[in-house]
Amino acid sequence: DQHAPQQGHPTCAGLTAENPSSPACDALIASRPYPNVSPLPVDFGVINGVEFIRFNVDEVPVYDQPNGTQVDSMTVGYTYVAVIQKRDGWAEIRPGRWVDLDITRSAQPSTFTGVTINGLDMPFAWVLWPHCATTAPAGVRSCEGPGQLERFQLVNVYATVNVRGWNWYLIGPGIWTNQQNLSIVFPNAPAQFPGRWVAVNTYEQNLVAYNGGAPVMATLVSSGVDDERYETDDGTYSVRLMIENGPMDGFEGSDEFYSLDQVPYAVYFNGLVSLHGTYWHDSFGYRHSHGCVNLTISDAKWLYEQWVSEGMTVYVYGQDMWD
């Protein structure tokens, strides 16, 4: 099956839990320690320099000026607003509408970026959280030196060994880790479409931009959480609308209400579901959203400006792996 995920590099094929290394594989790892990729630059684009705040209280009094008269109150839910200006510990959030900064905190947009791909002959992955590797598949933990793995670290996947239903991946010399700890990009595309298209793997929580069958760019995403109301549905879609910068809100009147100013680089492909830049969390590689595909600002900007066009295919897959 041309679309079946490639399990490693051919040189390292045949490794097992009992025989987890070979001289040829060790030599390959020594000569190819890092994935054949180049990180994208950090670029906040249309929201560069904008400060976003959220509120630490449910009901926010709104004033006509700093220390002025209360003219309104907001029931906020999950809300981020863009600051127009600040003065004396106050922030103007709409013309003539001010809030006390003591009840706010600022968003810290993620500086994580995806990568452009310079040709793949084996899978690569991001480490999702800090942990210690093992010395063999399902083996003894090793926290020494390269066995100490960090979040967002990039690694090659040289081989895969399944132990009791779990995949274990060889990512360095005598360095193995469990499938739950990585988000993997495979060299072979999951489907076939002509020209430029984008695939979102909701199981691995990553996105790959393809030209035909060739992967060009890849990054971590956060798709819909594990709730049938919010799951990002599998399917083959077309980009129907692109909005460089605009507000998003939903679920008004419910506990799930959210309102977000200036969501950048939105690419709508399935009703109100979009790919978009995200300044309010750094949980990329994990499910987090109400159904949209969250990207860092830098990655969303690259896709919006360099890759996506209206009518382009967006292929979403992987839900069956969760089920």
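The values are calculated or read from the model by the stated rules, or taken from the named source; none is laboratory data. A quick note: this is a predicted structure, and the numbers were derived from the prediction, not measured. Methodologically, a virtual Cβ is constructed for each residue, glycine included, from the backbone with ideal geometry; neighbour enumeration extends over all protein chains shown.
Details
- Long-range neighbours under 8 Å by Cβ, at least six apart or interchain, first residue within 16 Å of R196 (Cα to Cα) within region 294-310, second acidic (D, E): W302/D43; Y304/E244
- Hits in region 280-297 - residues which are of a type in the set (S, T, Y) and either surrounded by fewer than 24 Cβ atoms within 10 Å (Cβ to Cβ) or over 26 Å from A125 (Cβ atoms) (or both): S283, Y286, S289
- Count of region 136-173 residues which are within 18 Å of A24 (Cα to Cα) and of a type outside the set (A, V, I, L, M, F, W, C): 6
- Qualifying strands (runs of 3 or more DSSP E) (wholly inside region 99-190; at least 2 residues being farther than 20 Å from T202 by Cα and among the acidic types (D, E)): none
- Options V127, V157, V163: the member that is in contact with a Lys or Arg (Cβ under 7 Å, 6 or more places away or on another chain) and of a type in the set (A, V, I, L, M): V127
- Looking across region 183-226, the residues that are out of contact with any Gly (no Cβ under 6 Å at 6 or more places or on another chain) and of a type in the set (G, A, S) come down to A191, G195, A199, A209, G212, G213, A214, S222, S223.
- You will find that of P66, P33, the residue that is touching an Asp or Glu at 6+ places or on another chain (Cβ under 7 Å) and in a loop (DSSP other than H, G, I, E, B) is P66 and no other.
- Candidates N201, N211, N206 - the one that is surrounded by fewer than 16 Cβ atoms within 10 Å (Cβ to Cβ), within 30 Å of N48 (Cα to Cα) and of a type in the set (S, T, N, Q): N211
- Qualifying residues in region 107-133 (those that are loosely packed, with under 13 Cβ neighbours inside 10 Å and either over 30 Å from G174 (Cα atoms) or basic (K, R) (or both)) - the one modelled with the lowest pLDDT: Q108
- Which numbered condition E252 misses (of (1) modelled with pLDDT of 95 or more; (2) out of contact with any strand residue (DSSP E or B) (no Cβ under 6 Å at 6 or more places or on another chain)): (1)
- Contact map, region 1-30: first residue part of a loop (DSSP other than H, G, I, E, B), second residue at pLDDT 95 or above and acidic (D, E), Cβ cut-off under 8 Å, separation 6 or more or different chains; the map is empty.
- Once region 265-279 is narrowed to residues that are surrounded by 22 or more Cβ atoms within 10 Å (Cβ to Cβ) and not aliphatic (A, V, I, L, M), the residue that is farthest from G45 (Cα to Cα) is F269.
- When I84, I93, I103 are checked against the criterion of being in contact with a strand residue (DSSP E or B) (Cβ under 9 Å, 6 or more places away or on another chain), without any contact (Cβ under 8 Å) to a residue 60 or more places away in the chain and surrounded by 19 or more Cβ atoms within 10 Å (Cβ to Cβ), I93 stands alone in meeting it.
- Whether a residue is modelled with pLDDT of 90 or more and surrounded by fewer than 19 Cβ atoms within 10 Å (Cβ to Cβ) was assessed, and E244 passes this test.
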